[in-house]
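Reading through the structure tokens given below for one structure.
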Amino acid sequence: MGQDQTKQQIEKGLQLYQSNQTEKALQVWMKVLEKSSDLVGRFRVLGCLVTAHSEMGRYKEMLKFAVVQIDTARELEDANFLLESYLNLARSNEKLCEFHKTISYCKTCLGLPGTRAGAQLGGQVSLSMGNAFLGLSLFQKALESFEKALRYAHNNDDAMLECRVCCSLGSFYAQVKDYEKALFFPCKAAELVNDYGKGWSLKYRAMSQYHMAVAYRLLGHLGSAMECCEESMKIALQHGDRPLQALCLLCFADIHRNRGDLELGQLKLHCLSESIYRSKGLHRELRAHVVRFHECVEETELYCGLCGESIGEKNSRLQALPCSHIFHLRCLQNNGTRSCPNCRRSSMKPGFV
């Protein structure tokens, strides 16, 4: 496979990936990797594979392709290619929580002579280093790295980098319990998405919405937190972003815990997990969550004792009886009995229904 054909196949894979046909895109890129003799093309397709596996949460695969990319960069004998591959290696280790390795590879990036580290990629290196310092709870060093990354973004008019840094700063301030700033920075990221993000991946909107949800929850604004988390989860489900799906599930659980409606939280988690496993075709896991969902419905009695339908799946008028059992209003009106169909208590007053 020559240079022109390699470029065409890489572009074909990108189009498939952007249309959410991830597995087909991976197949196209793997064929390029197997058949192409063009080293630059191989380097580029390895970068695509690193990014795709990162967004799918397959971090060990991400690391594997980053290592191969470094070998390819060495064959090319180009310092800029080597810089990019070391940055991907740093990111891979960051995702695997190997934070000391992340910092080491970032320092290697910054020490490479004659590269773009001072301009295009320097901010991304600083951002990755900041995330690693934050993972190690080295807050002062993390803040210094984030501020450095933000300066790179402003000096180079890189709104996409600024958006990512703002999300990381949101996470930083959430950990140091400055919740107003924890909300300010992801809100700034959301503004950047609205102003400049027409050609960006939706993942930037999803990322900002997730960090806003966390901050709103910490501030006690649970309604706003739920709205942001639902928006983030919707995008994550559309694009198969499994790591973000997992973060949203945890955020949903925290919101329901703060509200005190733990049973409803469990129902929502099982329902969302069912959607995720259904989209992935993982039938065993899907079946387990469907069963658990219905068990939770039974345990919490969230169904009408007359028609048997789950309560809350459709917009229906409900009636709570003095004995605390809940039914569809239409079912009670059609039933005609003066006692509760569940416990048979004669607690229904004349004209109650």
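One residue is enough: does region 29-43 have a residue meeting the conditions open to solvent by less than 70 Å² (accessible area, probe 1.4 Å) and not in a helix (DSSP H, G or I)? The answer is yes; a qualifying residue exists.
When Lys101, Lys7, Lys107, Lys60 are checked against the criterion of being under 20 Å from the mean Cα position of the chain (by Cα), part of a helix (DSSP H, G or I) and either surrounded by fewer than 19 Cβ atoms within 10 Å (Cβ to Cβ) or in contact (Cβ under 8 Å) with a residue 40 or more places away in the chain (or both), a single residue qualifies: Lys60.
Residue by residue, here is whether (1) assigned to a helix (DSSP H, G or I); (2) open to solvent by less than 30 Å² (accessible area, probe 1.4 Å); (3) touching a Ser or Thr at 6+ places or on another chain (Cβ under 8 Å); (4) at positive phi holds:
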{"site": "Ser168", "(1), (2), (3), (4)": "yes, yes, no, no"}
{"site": "Lys181", "(1), (2), (3), (4)": "yes, no, no, no"}
{"site": "Lys188", "(1), (2), (3), (4)": "yes, no, no, no"}
{"site": "Gly197", "(1), (2), (3), (4)": "yes, yes, no, no"}
{"site": "Tyr216", "(1), (2), (3), (4)": "yes, no, yes, no"}
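Among the residues of region 14-25, is any among the aromatic types (Phe, Trp, Tyr), buried (at least 16 other Cβ atoms within 10 Å of the Cβ) and at pLDDT below 90? Show your work before the answer.
Here is the first cut: in region 14-25, the residues among the aromatic types (Phe, Trp, Tyr) are 17.
Subsequent filtering for residues that are buried (at least 16 other Cβ atoms within 10 Å of the Cβ) retains 17.
If we keep only those that are at pLDDT below 90 too, we end up with 17.
Yes, some residue in region 14-25 is among the aromatic types (Phe, Trp, Tyr), buried (at least 16 other Cβ atoms within 10 Å of the Cβ) and at pLDDT below 90.
The values are calculated or read from the model by the stated rules, or taken from the named source; none is laboratory data. Bear in mind that the values here come from a model prediction, so they are computed numbers and not experimental data. With ideal geometry, Cβ positions are generated from the backbone for all residues, glycine too; neighbour counts draw on all protein chains shown. Side chains included, ligands, DNA and RNA excluded: accessible areas come from the protein's heavy atoms. Shrake-Rupley method; radii C 1.70, N 1.55, O 1.52, S 1.80 Å.
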